[in-house]
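*Asks:* One structure is given below, represented as structure tokens, and several questions about it will come after.
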Amino acid sequence: MHLYGTQTIGQNGHLYIGGVDTVELAKEYGTPLFVYDLALIRNRASGFIDTFKKYGVNAQVAYASKAFSCIAIYQFAKEENLSLDVVSGGELYTAIKANFPPERIHFHGNNKSYDELLMAFDAKIGCIVVDNFYEIELLKEISESRNQSMNILFRVTPGVKASTHDFITTGQEDSKFGFDLNNGQVDEAFQQVVGHKYLKLLGLHCHIGSQIFDTDGFSLAAGKLIEKIDKWNKEYDFQCEVLNLGGGFGIRYTEEDQPLDPHIYVEEMIKTVKEETKKRNLEMPEIWIEPGRSLVGEAGTSLYTIGSQKVVPNIREYIAVDGGMSDNIRPALYDAKYDAVIANKANQPRTSTYTVAGKLCESGDKLIENIDLQQVDSGDILAIFCTGAYGYSMASNYNRIPRPAVVFVEDGQHQLAIRRESYEDLILNDMEYQLNKVNQS
Ligand code: LLP
């Protein structure tokens, strides 16, 4: 069995994370429960940051916090010297409440509202990643009315699309995000901001995809961005200070996934950017990246209590857990695969095959199909690995199921990071029915 980060199997046969017995965590905090292994995240963060340092390259490693957003993880990211990528007023608000250093916050999004942009100016964040012409208009209006400067990057679609082991290059990309790099759009955007009194263009940004297992796509995209920067440099003496190559570094959900070490992605990027800039006599820019999944994905484990079981003779055996698509939509939405273990029987052989069903009223609410597990009894604790990215952050209250609690563990200690939603929380915004004809008469 593959164990992640600090996971071990104790003498008692239980799964431990960060030196803490997960069966005890399930008892203390209830289930479903997300458990985050902080040491694993620290390790990943320093894997990225230290590689840039080793090669003497100025960099920012921005945690793409859509993967998992809450006050405690932002405070942790601050401690780890990460920067922060936020994509909404809500994430920005959370970052401000967490006292995250505003100069290290980068704001993304293809439809940022006027109010969201105002929040960013109020907080004096480090950079806005500008996505479209409408946003340029809004930014001009806000910056001019406040006489306030703002650093910006242009998000571009470089015509490189990476997905897992392949990448494809297309002349033009059909994406809702960013300015097209090849058809003159980004040049038009450049014309609109060049020399602007308050909007300071630092450079370019691209994000080529998710769960990527090789470095070629990043190198190709970097090369294309630098080509454009070279053109602007020659024509307008533009000095590029920042090249942001996005996130998307792959992780191991199941044994089919063979991720690279963080330092390999970084080394390849550095190599390409150094070569391409040197060749064109350009200054070496800072390199920024935006890992989300690769920082927190493998660090998260979901604990569930197993309840009912159902045998469909000659077809399959279902075991049902006390959560499901409300706390992990990824299997239903993307056909995502996961590995798991019975946390209170982790040292026992896997003798049975089950399909893990959730408790929501939808037949597609299955978390794992046909997984070999230890013989299950109702009341056992199921641990599903690698749920730290896009699990809690995509959770919903479908079927009025309260969102789970989240705990952090490290060195034998544990702490609540997000408390479990209560039934009272669920009706907090509900109003009484008032247009009732009977009461009015
Ligand atoms: N930067 C930008 C501009 C992005 O759009 C994303 C992810 C990231 C960084 C972080 O990518 P990561 O390193 O986490 O792969 N809900 C989907 C993933 C959506 C990713 C959206 N953008 C999932 O559960 O797989």
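*Asks:* Go through region 269-318 and report how many residues are in a helix (DSSP H, G or I) and open to solvent by less than 60 Å² (accessible area, probe 1.4 Å).
*Replies:* So the first thing to find is which residues in region 269-318 are in a helix (DSSP H, G or I), and the list is 269-279, 293-296.
Next cut, open to solvent by less than 60 Å² (accessible area, probe 1.4 Å) only: 269-270, 272-273, 276-277, 293-296.
Qualifying residue count, region 269-318: 10.
*Asks:* Also, quick follow-up: Quick check on region 395-417. Is at least one of its residues within 16 Å of the ligand (Cβ to nearest atom) and assigned by TED's automatic domain parsing to the domain that holds Leu25? If you could, list the steps in order and put the result at the bottom.
*Replies:* Within region 395-417, the first condition is being within 16 Å of the ligand (Cβ to nearest atom), and the residues that meet it are 395-396.
Right, trim to assigned by TED's automatic domain parsing to the domain that holds Leu25 and you get 395-396.
Yes, there is a match, as at least one residue in region 395-417 is within 16 Å of the ligand (Cβ to nearest atom) and assigned by TED's automatic domain parsing to the domain that holds Leu25.
*Asks:* What is the residue count in region 21-50 for residues that are β-branched (Val, Ile, Thr) and open to solvent by 10 Å² or more (accessible area, probe 1.4 Å)?
*Replies:* Within region 21-50, residues that are β-branched (Val, Ile, Thr) and open to solvent by 10 Å² or more (accessible area, probe 1.4 Å) number 3.
*Asks:* Output the number of the condition that Lys54 fails; it satisfies all remaining conditions of (1) crowded, with 23+ Cβ neighbours inside 10 Å; (2) more than 16 Å from the ligand (Cβ to nearest atom); (3) not small (Gly, Ala, Ser).
*Replies:* For Lys54, the failing item is (1).
*Asks:* Another question about this same structure. Any residue in region 336-347 that's within 20 Å of Gly297 (Cα to Cα): show its pairings with residues that are open to solvent by 20 Å² or more (accessible area, probe 1.4 Å) and assigned to a strand (DSSP E or B) at Cβ separation under 9 Å, as long as the two are six or more apart or on different chains.
*Replies:* What qualifies is Lys337/Glu369; Val341/Ile9.
*Asks:* May I ask you to verify whether Gln75 is within 14 Å of the ligand (Cβ to nearest atom), outside the structural domain of Gly248 (by TED's automatic domain parsing) and either farther than 15 Å from Tyr392 by Cα or crowded, with 23+ Cβ neighbours inside 10 Å (or both)?
*Replies:* Here the answer is no, as Gln75 does not meet what is asked.
*Asks:* Among residues belonging to region 377-394 that are open to solvent by less than 20 Å² (accessible area, probe 1.4 Å) and over 23 Å from the mean Cα position of the chain (by Cα), point out the one that is farthest from the ligand (Cβ to nearest atom).
*Replies:* Restricting to residues being open to solvent by less than 20 Å² (accessible area, probe 1.4 Å) and over 23 Å from the mean Cα position of the chain (by Cα), the top hit is Asp380.
*Asks:* May I pose another question? Against the conditions (1) within 23 Å of the chain's Cα centre (by Cα); (2) modelled with pLDDT under 95, where does Ala77 fall short? Just the number, please.
*Replies:* (2)
*Asks:* May I ask you to verify whether Gly248 is at positive phi, within 16 Å of the ligand (Cβ to nearest atom), in contact with a Phe, Trp or Tyr (Cβ under 8 Å, 6 or more places away or on another chain) and not polar (S, T, N, Q)?
*Replies:* Here the answer is no, as Gly248 does not meet what is asked.
Residues checked against (1) assigned by TED's automatic domain parsing to the domain that holds Cys206; (2) more than 16 Å from the ligand (Cβ to nearest atom); (3) not β-branched (Val, Ile, Thr):
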| position | (1), (2), (3) |
| --- | --- |
| Lys66 | no, no, yes |
| Lys97 | no, yes, yes |
| Phe100 | no, yes, yes |
| Asp131 | yes, no, yes |
| Glu135 | yes, no, yes |
| Ser145 | yes, yes, yes |
| Arg155 | yes, no, yes |
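*Asks:* Another question, if that's okay. Could you grab me the full set of residues in region 278-300 that are near the ligand (Cβ under 8 Å from one of its atoms), under 15 Å from Leu82 (Cα atoms) and of a type outside the set (A, V, I, L, M)?
*Replies:* Of everything in region 278-300, those that are near the ligand (Cβ under 8 Å from one of its atoms), under 15 Å from Leu82 (Cα atoms) and of a type outside the set (A, V, I, L, M) turn out to be Glu290, Pro291, Gly292, Arg293, Ser294.
*Asks:* Kindly list the number of the only condition in (1) farther than 27 Å from Arg252 by Cα; (2) hydrophobic (A, V, I, L, M, F, W, C); (3) in contact with a Cys (Cβ under 8 Å, 6 or more places away or on another chain) that fails for Ala189.
*Replies:* (3)
*Asks:* Given the conditions (1) assigned to a loop (DSSP other than H, G, I, E, B); (2) open to solvent by 20 Å² or more (accessible area, probe 1.4 Å), which single one is not true for Glu369?
*Replies:* That leaves (1) as the condition not met.
*Asks:* Also, quick follow-up: Say whether the condition of being within 18 Å of Arg42 (Cβ to Cβ), within 16 Å of the chain's Cα centre (by Cα) and crowded, with 21+ Cβ neighbours inside 10 Å is met by at least one residue in region 84-101.
*Replies:* Looking through region 84-101, at least one residue is within 18 Å of Arg42 (Cβ to Cβ), within 16 Å of the chain's Cα centre (by Cα) and crowded, with 21+ Cβ neighbours inside 10 Å.
*Asks:* Is it the case, given these coordinates, that Leu260 is open to solvent by less than 40 Å² (accessible area, probe 1.4 Å), more than 11 Å from the ligand (Cβ to nearest atom), more than 21 Å from Arg104 (Cβ to Cβ) and touching a residue at least 24 places away in the same chain (Cβ under 8 Å)? I'd like the intermediate steps shown before the answer.
*Replies:* Numbers: open to solvent by less than 40 Å² (accessible area, probe 1.4 Å): no; more than 11 Å from the ligand (Cβ to nearest atom): yes; more than 21 Å from Arg104 (Cβ to Cβ): yes; touching a residue at least 24 places away in the same chain (Cβ under 8 Å): yes.
Criteria not met by Leu260.
*Asks:* Which members of region 199-215 meet the condition of being of a type in the set (S, T, N, Q) and either closer than 17 Å to Gly178 by Cα or part of a strand (DSSP E or B) (or both)? Give the steps one after another, and end with the answer.
*Replies:* Start the filter on region 199-215 by keeping residues that are of a type in the set (S, T, N, Q), which leaves 210-211, 215.
The answer is Ser210, and nothing else.
*Asks:* A further question on this structure: Please go through region 170-181 and pick out each residue that is open to solvent by 80 Å² or more (accessible area, probe 1.4 Å) and touching a residue at least 12 places away in the same chain (Cβ under 8 Å). So that I can check it myself, show each step before the final result.
*Replies:* Step one: filter region 170-181 for residues open to solvent by 80 Å² or more (accessible area, probe 1.4 Å), giving 172, 174, 176.
Gln172, Lys176, listed by residue number.
*Asks:* I'd like to verify a number: residues in region 355-365 that are within 15 Å of Asp322 (Cβ to Cβ) and open to solvent by 50 Å² or more (accessible area, probe 1.4 Å), how many?
*Replies:* Count: 2.
*Asks:* To continue, here is another question. So, in region 205-230, how many residues would count as being closer than 11 Å to His165 by Cα, among the β-branched types (Val, Ile, Thr) and either in contact with a Cys (Cβ under 6 Å, 6 or more places away or on another chain) or within 10 Å of the ligand (Cβ to nearest atom) (or both)?
*Replies:* Of the residues in region 205-230, 1 are closer than 11 Å to His165 by Cα, among the β-branched types (Val, Ile, Thr) and either in contact with a Cys (Cβ under 6 Å, 6 or more places away or on another chain) or within 10 Å of the ligand (Cβ to nearest atom) (or both).
*Asks:* Looking at region 332-354, which of the residues that are within 16 Å of the ligand (Cβ to nearest atom) and of a type in the set (Ser, Thr, Tyr) is surrounded by the most Cβ atoms within 10 Å (Cβ to Cβ)?
*Replies:* If we take residues in region 332-354 being within 16 Å of the ligand (Cβ to nearest atom) and of a type in the set (Ser, Thr, Tyr), then Tyr338 is surrounded by the most Cβ atoms within 10 Å (Cβ to Cβ).
The values are calculated or read from the model by the stated rules, or taken from the named source; none is laboratory data. What you see is a predicted model, and the numbers here were worked out from it, not measured in a lab. Cβ: placed from backbone, ideal geometry, glycine included. Neighbour counts: every protein chain shown. With ligands, DNA and RNA removed, areas are computed over all heavy atoms of the protein, side chains included. Shrake-Rupley method; radii C 1.70, N 1.55, O 1.52, S 1.80 Å.
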